[in-house]
């Protein structure tokens, strides 16, 4: 019995080391930020960057575990799918799923449970969630919001922002 347990452990260790040789999930270069949307406020952008940006922008923070298979495969897939579906770093000015982003946050499907497991800072309070949803609706449109397309009003159009427009980095918003 002890011999079987030892062999099983050796096989598992060999497999764990062997899968590190699979090249998928370790390319961690972030593409450049092309343009962000015109955020309704610096606070909306701040909440978005905390809870959503790792998967929905080109400003992903690649933590140590994102280089260790098989977790690296999951992280790479999440980021790839998130960027394909809704990417604030390559905002072209169309709605581009902005309303859907607000709905996903409102119904609790975003941020995903596995993301918040490893990123406790992304667990927004009820008040922060409400604030983010309202900001996303104001920025991108949706139920009860005017929102709109990126570029409306141009850079620095938010003179009342607390940061004086500094949230318009790298040519505008990231969505």
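Here is how the numbers come out for the structure above:
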{"item": "Verdict on residue 38 being touching a residue at least 24 places away in the same chain (Cβ under 8 Å), surrounded by 14 or more Cβ atoms within 10 Å (Cβ to Cβ) and in a loop (DSSP other than H, G, I, E, B)", "result": "yes"}
{"item": "Residues of segment 88-110 satisfying the condition of being outside any helix (DSSP H, G or I) and surrounded by fewer than 21 Cβ atoms within 10 Å (Cβ to Cβ)", "result": "90, 92, 93, 94, 95, 96, 97, 107, 108, 109"}
{"item": "Selection from segment 56-76 of residues that are touching a residue at least 60 places away in the same chain (Cβ under 8 Å), crowded, with 21+ Cβ neighbours inside 10 Å and touching a helix residue (DSSP H, G or I) at 6+ places or on another chain (Cβ under 7 Å)", "result": "56"}
{"item": "Residue match in segment 43-65 (condition: more than 14 Å from the chain's Cα centre (by Cα) and under 25 Å from residue 140 (Cβ atoms))", "result": "yes"}
{"item": "For residue 57: the one exception among (1) modelled with pLDDT under 90; (2) within 24 Å of residue 110 (Cβ to Cβ)", "result": "(1)"}
{"item": "Of all residues in segment 77-92 being within 11 Å of the chain's Cα centre (by Cα) and in contact (Cβ under 8 Å) with a residue 60 or more places away in the chain, the one that is farthest from residue 34 (Cα to Cα)", "result": "86"}
{"item": "Any hit, segment 9-27, residues being at pLDDT below 85, part of a loop (DSSP other than H, G, I, E, B), surrounded by 14 or more Cβ atoms within 10 Å (Cβ to Cβ) and out of contact with any strand residue (DSSP E or B) (no Cβ under 6 Å at 6 or more places or on another chain)", "result": "yes"}
{"item": "Tally of residues being within 27 Å of residue 35 (Cα to Cα) and assigned to a helix (DSSP H, G or I) across segment 58-73", "result": "1"}
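The values are calculated or read from the model by the stated rules, or taken from the named source; none is laboratory data. Fair warning: this is a prediction, and the values are worked out from it, not measured in the lab. Using ideal geometry, Cβ is built from the backbone for each residue, glycine included, and neighbour counts are taken over all protein chains shown.
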